[in-house]
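Report on the structure given below.
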Amino acid sequence: MLVLSRKKDESIMIGDQIEIKILAVEGEQIKIGIVAPKTVKVHRSEVFEAIQAQNKEALSSSTSFLEQLKKK
């Protein structure tokens, strides 16, 4: 893990196209802005984990559905 210190209005570049900018620091909360191409998906980690869980569930559901169809 890379750990960097940044102040308000400073940014971090990831590759050539993704910029993470510190917009505000308010107590223990930090507001960031992310500039990335529309082709790059950006999610909070809890949303990403929920999407992954739903995808796994859908995959297993479709597999069991296909198995049921094979039996008929």
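The values are calculated or read from the model by the stated rules, or taken from the named source; none is laboratory data. All values derive from a computational prediction rather than experimental measurement. Cβ: placed from backbone, ideal geometry, glycine included. Neighbour counts: every protein chain shown.
Points worth noting:
- Per-region count, the stretch 1-38, residues under 17 Å from the mean Cα position of the chain (by Cα), in a loop (DSSP other than H, G, I, E, B) and surrounded by 10 or more Cβ atoms within 10 Å (Cβ to Cβ): 2
- Hey, Glu46 modelled with pLDDT of 95 or more and either surrounded by 10 or more Cβ atoms within 10 Å (Cβ to Cβ) or outside the structural domain of Met13 (by TED's automatic domain parsing) (or both) or not: yes
- Residue check, Ala53 among the small types (Gly, Ala, Ser), surrounded by 10 or more Cβ atoms within 10 Å (Cβ to Cβ) and part of a strand (DSSP E or B): no
- In the set (1) surrounded by 11 or more Cβ atoms within 10 Å (Cβ to Cβ); (2) modelled with pLDDT under 95, Thr63 fails one condition alone, (1).
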